[in-house]
Amino acid sequence: MPEYKAPLRDIQFVMNELLSAEQHYASLEGAEDATPDMVDAIVQEGAKFCEQVLSPLNRVGDEEGCKLTDDGVKTPSGFKEAYQQYVEGGWPSITADPNYGGQGLPHSIGLVISEMVGTANWSWGMYPGLSHGAINTIEAHGTEEQKQTYLTKLTSGEWTGTMCLTEPHCGSDLGTLRTKAEPNEDGSYRITGTKIFISAGEHDMAENIVHIVLARLPGAPEGTKGISLFIVPKCLPNEDGSAGERNGLSCGSLEHKMGIHGNATCVMNFDGAKGWLIGPENKGLNCMFTFMNTARIGTAIQGLGAAELGFQGSLAYAKERLAMRSLSGPKNPDGIADPIIVHPDVRRMLLTQKAIAEGARALIYLAGQQVDIVHSGKTDEEKQAADALLSFLTPIAKAFLTEIGYESANLGMQVFGGHGYISEWGMEQNVRDARIGMIYEGTTGIQALDLLGRKVLMSQGEALKVFTKQVHLFCKENADNEQLKEFVEPLAALNKEWGDVTMKIGMTAMKNREEVGAASVDYLMYSGYIVFGYLWARMAKVAQEQLAEGTTEEMFYNAKVQTARFYFKRLLPRTKAHAEAMLAGADTLLDMPEDAFFI
Amino acid sequence: MADYQAPLREMRFVLNEVFDAPALWASLPGVAGNVDPDTADAILEEAGKITAGVLAPLNREADEQGCRWNDGDVTTPEGFKEAYQTLVEGGWNGLGGNPEFGGMGMPKTLVAQFEEMMQAANMSFGLAPMLTAGACVALDAHGSPELKEKYLPKLYSGEWSGAMDLTEPHAGTDLGIIRTKAEPQDDGSYRITGTKIFITWGEHDMAENIVHLVLAKLPDAPKGPKGISMFLVPKFLVNDDGSLGERNQFGCGSLEKKMGIKASATCVMNYDGATGWLVGEENKGLAAMFTMMNYERLGVGIQGLGAAEASLQSAREYANERIQSRAPTGARQPDKAADPILVHPDVRRMLMTMKSFVEGGRAFSTYVASWLDIAKFSEDDQQREHADGMVALLTPVAKAFLTDRGLDTTILGQQVFGGHGFIREWGQEQLVRDCRITQIYEGTNGIQAMDLMGRKVVGSEGKLFELFAEDVTNFIEQNSMDAALRPYLESLAAALERLSDVTELVIKQAGENPEAVGAAAVDYLDMFGYTALAYMWAKMVKAAAEKAGNDTSGFYTGKIKTARFYYDRLLPRTVALAEGIRSGEGAMMAPDASEI
């Protein structure tokens, strides 16, 4: 398993040099504590924890997996202790509301920590990660009493949380869910039903688990408009706030899965469990949408993590493994062969990973700043603008990053040749773990429908303009920059094309609604590549400025420019194939007789 | 998980209607006596029964159990031994073998269909007959008459199995630096000493003997690839009467723990002065191994195809049964809680992509197999030489493109299942894990791409490429009056021209900069593959078009719609690939290693 090293230099580059973190934090309400020194110290401390405590447990978690025993679910060796350290270090509370014990730091800092945690050990990171959903729900929709009871414990990390949505017969289509909630006389509800795929639904790391459960009230309307949210704790809280008797729910079994073995994926049986309504009746799905963007950015990080981990592992291997001679003459004449990093195709694989990992970091941090502004911007206008940008970027970040993060993890494995397929090197685990990213929290297909259908087309293209305007401004400001020309020119052209193809699809979709679903995934991938183009052009600009001013880190900045160039020449052209495919129309998909699939 | 069913209708379509294989067989004297359409059909039927009925049901559980190592012995998962016995009894191991030594002498075009079924049903298991067949090809081509006499009949019958020992801990892609040594003995045999890793089915309990073909270096052999020889090293020494003698001095040191193909034993083999016999000439071992490799490489491509087919079968069944959300244009099954997900355009995009790759891939593997048949059996020197060229050119494409698209397909097949695709019980994730190795072994796909671009295309100064281009061009010209085909032919011609342009460009660049080949290779192979599949789909349209009118089953119209989809949605990828290639080597070679 590659030893994870937090890429601190690149983290600083994106935060400070690309996205001007200092000004950003200064512009927020109540973020006075987020001084550059403070942020730096938190990131350094987080890096240490992830490198020293979490990373060594990654392979252990995969090998041991979780076990369901009579006493509940046992997590892999070391997971519980690591969690204890995490709680003692105050990590669960860094971005939480100070009124309930949080440290109130901006969310973007939490995302940096999530990146490091998730790259070092995604399975482990899901335990505290899932708490965010419960925290967000209660923060946004809970009563004061619910906040006092649950939020404080979730914030401190003494308790963890889950989101219970999926049922055996429904995942993407939550409108058909069957779990029911019957009112008790004391104002609580009896929850009965089966939930599946509940990550961290049961474990031994915390003394209580707070489930947020989607269920139907008696007489609720059919479909998505009849769903309500309930807080259903594993142990009922006592008057003094401690965890009391067991509630009527349990983990029925654990799923055997392709990856993330260290995380417990539970079938949860609710058998008249006691729960409390949170938010208005029948508005459960709406309530969840209030923080859907934040949650999905959290999942998008898995793509970044997979790319970073695969890149770190394969880069080290490519520098050490000797095979064949460079075609332009030996580079390591004293050795029996040259290190494989001399071969162009190995470089293609490494540079692809580097372009993906670093581009992904830029996108996540950019989205993270929008989350900050949505929460703590000083004016409503700022907040609305950030919300619009975040809404647009979220499905792209979630789907595009997990897709290309997976591609990247596969390349990391490919660099290792046969050794990549062997468990001991950890690269195949990275691939197996990364695969779920494209599925949960809304599959790639669902994200694509969200982007093209709900956001771009429903707003008549306004949602897209929020972003293309930024790109346009950047291109205009740098139109005369000779050095940047190789990036700005193709970017400007694509930015324009982006609007044009969107218009075309919009026109055809007015005639045939099937066109949206027929174009959506290609549209999302196409959009993702342009977003990356914009970010890489901006990163190249920052690097070129540093190089022009004279820097001691010439290698670092040169690498940025080279990687941007690689991205523009080798990866960005993929937009062409996606553009053609999405404009091909729905007929090529729908004309096929259904029977013809089966003979 | 859908129960695997051999896609016999599809195979018959490709063999009989697209390629007219019976006519090809009849034209090749070495084959004509062995096979006619009825025999071929009976073989397909029977192969379908055995693979679906015996091998497929073992696949899932065997993945869970894996192979177990105990003090040098390897125990295979439950049912493997019996299944292997069934194959032996049916004579399946010798299907394509040389009749002189007990093989059935069937053409590759037919054998390829059996291979696909076996790999789709159970890839871990399928590796054993595949490795044996590969060893037989090498032995048949390079072994002495005595070695052939002694070993081939038992390998063809399947009583013994074969293994190929190439890789060492420090040497995989770069075999020139292997260290295993072979010391000549007075009796003409050699003492083999060294460690080999990643030896598939190097040790197991299914056959009574295992015949290893081992690469090693003779004392004072030249350095590098020109100092490697090949040796036959049996697990049990064989007495003159053919019976098994004492155990040879080597054994399995451990099994690798890996991502997939868990039911096949991936062995570390320790040779400790084992007795072996030279196969072929001294220091020509690598060349001898390549004989086997061309054959195996198509076989690995077929593994990718098989995994893809298995994934497609499950995904379409799931898409038809799983109900979720309503069709955008109104409910299709109003009496149910939701519509089957097959109605959603994006689910269709995934299924159609899978179908394009699987059916296009099957046509392509059969196309390559037909060139292998001509190369092996034709009595016309010119025709044979032509076919040899095609085989040389197309083999790396078949290996890499079919496995790359195989992985894409299994990933899509998993995606159709949503969260259930990640869960083991449904079988889709196993297909992804199993398929993943095919991009790596038998020469990584990067190595295939170098073989295609460097050795074959640039190495022949484009002559080999021209063979393929001519074949496509002839097809286009011969069918230019066919109205049904015309829309496809225009795009096909454009795609071929794009590929030809890039070919010319890279040949030119290679003359100026040796790194140009490696920088273009993988994208070039991809582009070649997409273009070749477009050719296959045009051929399938030709075979289907005239029958589509009277077709009530949907089979032929399905072919035409899938072709349309492929041309509209997948072939455009060549445009992106061409642009990447044209950008040259600079993007990759300019950064210093430290800057990466």
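Please treat every number below as a calculation from the coordinates, not as lab data. It should be emphasised that the depicted structure is a prediction, and the values quoted were computed from it without experimental measurement. A quick note on method: Cβ atoms are made from the backbone with ideal geometry, for glycine too, and the neighbour counts reach across all protein chains shown.
Summary table below
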item: FRET efficiency, 1/(1 + (r/R0)^6) with R0 22 Å, evaluated for B:GLN478 and B:SER553 via beta carbons; result: 0.20
item: Cα-based Rg and Dmax for chain A, where Dmax is the largest Cα-Cα distance (Å); result: 24.4, 83
item: Amide H contacts of B:TRP160 (H built 1.01 Å from N, under 5 Å, at least 5 apart or other chain); result: B:LEU155
item: Cα-Cα pairs of region A:117-205 separated by more than 19 Å (percent); result: 54 percent
item: Amide H within-cut-off set for B:VAL279, under 5 Å, with H built and near neighbours excluded; result: B:MET230, B:PHE231, B:LEU232
item: Net charge of Cβ neighbours under 9 Å - reference A:ASN478; Lys, Arg +1; Asp, Glu -1; result: +1
item: Virtual spin-label span in nm between A:LEU322 and B:ASP335, 7 Å along Cα→Cβ; result: 7.3 nm
item: Distance between modelled label sites at A:LYS67 and A:GLU22, nm, 7 Å Cα→Cβ extension; result: 5.4 nm
item: Space enclosed by the convex hull of the alpha-carbon atoms of region B:387-446, per residue, Å³; result: 80 Å³
item: Whole-angstrom Cα spans of the protein assembly as shown along principal axes, big to small; result: 89, 70, 66
item: Peptide A:519-526, shielding by other chains (average Cβ, 10 Å cutoff); result: 2
item: Under Karplus coefficients 6.51, -1.76 and 1.60, residue-wise ³J(HN,Hα) of region B:180-197 in Hz, glycine/proline x; result: 4, 10, 10, 10, x, 10, 5, 7, x, 8, 10, 9, 9, 9, x, 10, 10, 10
item: Debye, to nearest 20: dipole size of region A:460-590, +1 on Lys, Arg Cβ, -1 on Asp, Glu Cβ; result: 200 debye
item: Pairwise FRET efficiency - B:GLU512 versus B:LYS226, Cβ, R0 = 35 Å, nearest 0.05; result: 0.80
item: Rg in Å to one decimal, and Dmax rounded to a whole Å, for chain B via C-alpha atoms; result: 24.1, 83
item: Cα-centred dipole magnitude for the protein assembly as shown, charges only on beta-carbon of K, R (+1) and D, E (-1), debye, nearest 20; result: 1560 debye
item: Spin-label model distance (nm) - A:CYS235 vs B:ASP73, 7 Å beyond Cα toward Cβ; result: 5.1 nm
item: Added length on full extension, which subtracts the Cα-Cα distance from 0.36 nm per residue, B:GLU46 to B:ASP592; result: 190.8 nm
item: Amide N of region B:189-213 lying under 19 Å from the label point, which is placed 7 angstrom from the Cα of B:LYS81 along Cα→Cβ; result: B:201-211
item: Exercise: per-residue mean of other protein chain Cβ atoms within 10 Å, A:175-188; result: 1
item: Coarse-grained scattering of region B:499-596 at q = 0.14, 0.21 Å⁻¹, given as base-10 log I(q)/I(0) from a Debye sum over alpha-carbon atoms; result: -0.64, -0.98
item: Charge tally in the Cβ shell below 14 Å around B:ALA2, where Lys, Arg are +1 and Asp, Glu are -1, B:ALA2 excluded; result: -2
item: Highest average packing first - A:24-37, B:225-238, A:347-360, A:412-425, Cβ atoms within 10 Å; result: A:347-360, A:412-425, B:225-238, A:24-37
item: Dipole moment magnitude, nearest 20 debye, region B:284-329 about Cα centre, only Lys, Arg, Asp, Glu C-beta charged; result: 120 debye
item: HN-Hα J in Hz across region A:180-190 - Karplus 6.51, -1.76, 1.60, θ = phi - 60°, x for Gly and Pro; result: 10, 10, 10, x, 9, 5, 7, x, 8, 10, 9
item: Principal axis box of region B:290-586, alpha-carbon based, largest edge first, Å; result: 66, 45, 41
item: Packing-based exposure ordering (other Cβ within 10 Å, fewest first) of A:MET292, A:MET438; result: A:MET292, A:MET438
item: Highest to lowest packing among B:444-450, A:85-91, scored as the average C-beta count within 10 Å; result: B:444-450, A:85-91
item: Cα-based equivalent ellipsoid of region B:1-104: semi-axis lengths in Å, sorted from largest, via gyration tensor; result: 32, 19, 10
item: Distant-in-sequence amide H partners of B:VAL238 (H built 1.01 Å from N, under 5 Å); result: B:GLY245
item: Number of partner chain Cβ atoms within 10 Å, mean per residue of A:200-210; result: 0
item: Whole-Hz couplings from phi, Karplus 6.51/-1.76/1.60, listed for region A:471-483; x for Gly and Pro; result: 5, 4, 4, 4, 5, 5, 4, 10, 4, 9, 7, 4, 5
item: Over chain B: helical MRE at 222 nm, DSSP H runs n ≥ 4 each giving -39500 (n - 2.57), nearest 500; result: -17500 deg cm²/dmol
item: Chain A: calculated mean residue ellipticity at 222 nm from DSSP helix runs of at least 4, using -39500 (n - 2.57); result: -16500 deg cm²/dmol
item: Whole-number D in µm² s⁻¹ for region B:210-297, Kirkwood Cα-pair radius fed into Stokes-Einstein, 20 °C, 1.002 mPa s; result: 145 µm²/s
